[in-house]
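Asks: Got a structure for you, written out below as structure tokens; questions coming shortly.
The values are calculated or read from the model by the stated rules, or taken from the named source; none is laboratory data. Every value quoted in this text rests on a predicted model; they were computed, and no experiment measured them. Ideal geometry is used to build each Cβ from the backbone, glycine not excepted, and the neighbour counts take in all protein chains shown.
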Amino acid sequence: MKYNIIPNTDLKVSSIALGTWAMGNDFWGNVDDKESIKAIHSSLDTGVNFIDTAPVYGAGHAETVVAKAIKDRRDKVIVATKAGVIRTKTEYRRDLSPKQLQKDMEESLRRLNTDCIDLYYIHWPDVTTPLEDSINTLEKFKKQGKFRYLAVSNFSVELMQQAQEMTDIVCLQPNYSILNRKIEKEIIPYCEQQNLGVISYGTLAGGLLTGKFKSIPKFTEGDNRGRFYDYYHQDIWQNIQGLLACLGKIAQKHCCTVAQTAIAWTVQQKGITSVLVGAKNNNQALDNATAAEILLSDSECLEIEAYLKQWLSKVVY
Ligand SMILES: NC(=O)c1ccc[n+]([C@@H]2O[C@H](COP(=O)([O-])OP(=O)(O)OC[C@H]3O[C@@H](n4cnc5c(N)ncnc54)[C@H](OP(=O)(O)O)[C@@H]3O)[C@@H](O)[C@H]2O)c1
């Protein structure tokens, strides 16, 4: 495993981090807690030291599972969680009001069974609350020792600038993968210039970049990933299969899986501090964590780039 420091912190995080959205067991179909705990343990045993969760993943369930899994090694794990998204029966709603932040903070500390969260993100922007009110509340929590470093997720350059006028943030968590490179234009250069870390999510595009879906999958009830990752439709499917074939050839040369190739590509990109990958079981966790050993050559990266430019440019850039 390789490790990178999130700038301006003492957090030395693994270049591959474990995402726990699916472990919330309410958006990605049925996920067994015992399997989730095994996945967390295998990840940690393979060198992952960075776990990402959020109150909204299973209305707190993912945080509870993380706490159970790390209870005898809390000091060896860098735990990141988030605030400001609520799941109602029908939708996800953003709420960065001081009242909601207070609730999220208290409940995350309790569920994670910790006195202090290592990295605390604003999960999504909320246009209904003045950013200043949210930041003032978060600053208060930081002074009280409830979390160590503040970060933001899904923020534009403009919003990061506004936040930085009021407080210190240390990194951004954006959507970024071979299939979504939109942040390369402005956001990554801004983060580099400002010395902000980039912890990317969606590395496998919800499992698609493992190459396991040969036709458009019909996900089981309760598995809503197709609503979040907009790739599972006919007009781009053949071109995505072409990309997966291209990744498959590269994977063969490295004796690794397509998933590992997609993860390795993301880890290698300029400005990326750590990449989040979700896993539902031991095998996936091992496959993903060991991708850190793979280094794609320049010509392999160019091959991928050429395919994307020719066949998927409207989707990717
Ligand atoms: N800040 C945000 O707004 C935001 C948004 C999204 C995600 N995130 C974070 O980023 C993390 C990762 O992103 P993600 O969970 O959306 O998706 P992802 O990592 O792109 O995909 C994860 C899913 O792919 C499948 N998978 C993973 N490894 C595999 C392997 N080696 N072989 C075969 N299948 C494999 C699993 O589902 P199946 O087995 O069911 O296919 C798994 O649940 C999340 O858990 C969360 O912590 C943050």
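Asks: Give region 118-154 a look and list any residue that's farther than 30 Å from ARG181 by Cα and of a type in the set (Val, Ile, Thr), or say none.
Replies: Of everything in region 118-154, just one residue is farther than 30 Å from ARG181 by Cα and of a type in the set (Val, Ile, Thr), namely THR137.
Asks: Among the candidates ALA205, ALA163, which residue alone is crowded, with 21+ Cβ neighbours inside 10 Å and farther than 30 Å from LYS280 by Cα?
Replies: Exactly one residue qualifies, and that residue is ALA163.
Asks: So, in region 165-180, how many residues would count as being more than 20 Å from ASP118 (Cβ to Cβ) and touching a residue at least 24 places away in the same chain (Cβ under 8 Å)?
Replies: Summing the residues that are more than 20 Å from ASP118 (Cβ to Cβ) and touching a residue at least 24 places away in the same chain (Cβ under 8 Å) in region 165-180 gives 7.
Asks: Here is a check on your reading of the model: is GLY271 touching a residue at least 60 places away in the same chain (Cβ under 8 Å), more than 21 Å from VAL315 (Cα to Cα) and surrounded by fewer than 15 Cβ atoms within 10 Å (Cβ to Cβ)?
Replies: Considered against the rule, which asks whether it is touching a residue at least 60 places away in the same chain (Cβ under 8 Å), more than 21 Å from VAL315 (Cα to Cα) and surrounded by fewer than 15 Cβ atoms within 10 Å (Cβ to Cβ), GLY271 comes out as no.
Asks: Now for a separate question. Consider region 115-130. How many of its residues are more than 14 Å from the ligand (Cβ to nearest atom) and surrounded by 20 or more Cβ atoms within 10 Å (Cβ to Cβ)?
Replies: Final tally of qualifying residues: 2.
Asks: Another question, if that's okay. Identify, from the list ASN239, ASN281, the residue that is touching a Lys or Arg at 6+ places or on another chain (Cβ under 8 Å) and surrounded by fewer than 19 Cβ atoms within 10 Å (Cβ to Cβ).
Replies: None of the others qualify; the one that does is ASN281.
Asks: Would you kindly identify the helices (runs of 4 or more DSSP H) lying entirely within region 217-305 that contain at least 2 residues that are under 20 Å from the mean Cα position of the chain (by Cα) and not hydrophobic (A, V, I, L, M, F, W, C)?
Replies: Passing ranges, in order: 225-228, 258-268, 282-289.
Asks: Which one is farthest from ARG227 (Cα to Cα) among residues in region 1-29 that are part of a loop (DSSP other than H, G, I, E, B) and within 14 Å of the ligand (Cβ to nearest atom)?
Replies: Step by step, filter region 1-29, then rank; the result is THR20.
Asks: Which residue out of VAL31, VAL85 is in contact with a strand residue (DSSP E or B) (Cβ under 8 Å, 6 or more places away or on another chain) and either at pLDDT 95 or above or more than 20 Å from LYS103 (Cβ to Cβ) (or both)?
Replies: VAL85
Asks: Also: May I ask you to list pairs of residues, at least six apart or on different chains, whose Cβ atoms are under 7 Å apart, with the first in region 304-316 being more than 12 Å from ASN239 (Cβ to Cβ) and the second being of a type in the set (Val, Ile, Thr)?
Replies: Final answer for the pair search is ILE304/ILE178.
Asks: Okay, moving on. Just checking, does region 77-100 include any residue being more than 17 Å from the chain's Cα centre (by Cα), farther than 30 Å from PRO130 by Cβ and not hydroxyl-bearing (Ser, Thr, Tyr)?
Replies: no
Asks: Same structure, new question: Please specify each residue of region 124-159 satisfying the condition of being of a type in the set (A, V, I, L, M) and touching a helix residue (DSSP H, G or I) at 6+ places or on another chain (Cβ under 7 Å).
Replies: The answer is LEU131, ILE135, LEU138, LEU150, VAL152, VAL157.
Asks: Sticking with this structure for a sec: Hey, among SER200, SER153, which residue is surrounded by 14 or more Cβ atoms within 10 Å (Cβ to Cβ), in contact (Cβ under 8 Å) with a residue 40 or more places away in the chain and either among the acidic types (Asp, Glu) or within 22 Å of GLN102 (Cβ to Cβ) (or both)?
Replies: SER153 is the lone residue from the list that is surrounded by 14 or more Cβ atoms within 10 Å (Cβ to Cβ), in contact (Cβ under 8 Å) with a residue 40 or more places away in the chain and either among the acidic types (Asp, Glu) or within 22 Å of GLN102 (Cβ to Cβ) (or both).
Asks: On to the next question. In region 93-125, how many residues are touching a residue at least 24 places away in the same chain (Cβ under 8 Å) and outside any helix (DSSP H, G or I)?
Replies: Number of matching residues: 17.
Asks: Restricting the first residue to region 22-34 and requiring it to be without any contact (Cβ under 8 Å) to a residue 60 or more places away in the chain, which pairs with a second residue that is more than 9 Å from the ligand (Cβ to nearest atom) and not in a helix (DSSP H, G or I) meet a Cβ separation below 6 Å and a spacing of at least six or different chains?
Replies: Final answer for the pair search is GLY24/GLY58; ASN25/GLY58.
Asks: Within region 247-272, work out how many residues are out of contact with any helix residue (DSSP H, G or I) (no Cβ under 6 Å at 6 or more places or on another chain), under 29 Å from PRO7 (Cα atoms) and within 14 Å of the ligand (Cβ to nearest atom).
Replies: Looking only at that region, the number is 4.
Asks: Condition check: surrounded by 21 or more Cβ atoms within 10 Å (Cβ to Cβ), over 24 Å from ASP223 (Cα atoms) and within 16 Å of the ligand (Cβ to nearest atom). Does SER108 satisfy that?
Replies: Answer is yes for this residue.
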